[in-house]
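Below is one structure; the comments refer to it alone.
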Amino acid sequence: MVVTVPAMKESIDSARNFLQEARAEFRKVHWPSRQEVRAATLVVISLVVLVALYLFAVDWILSWFFQMFLER
């Protein structure tokens, strides 16, 4: 495979352009503060615990119900 100099230059220019655009986009990003991250993390953990408790309760109730139903 033969790579010509113009094709190589075009690849390098394309890569350089991509990196410059990526850097420009990173500058536009709103990075959350430590307090915002902590608050969001607490919300996620709380919701995970609530969903886990709900699923545990539903599972326990259904298990109890089917045990009662199958014992008869």
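Each value in this text was obtained by applying a stated rule to the coordinates, not by laboratory testing. None of the values given here were measured: they were computed from a predicted structure.
Compared with the dominant principal axis of the Cα atoms in the chain, helix 5-28 is inclined by about 50°.
Indicate the gyration tensor shape class of the chain (rounded, prolate or oblate), computed on the Cα atoms with a ≥ b ≥ c the square roots of the eigenvalues: a/c under 1.5 is rounded; otherwise a/b larger than b/c is prolate and the rest oblate. Spell out each step's value before the answer.
Details: a/c = 10.90, a/b = 2.41, b/c = 4.52.
Cα axes put the chain in the oblate bin.
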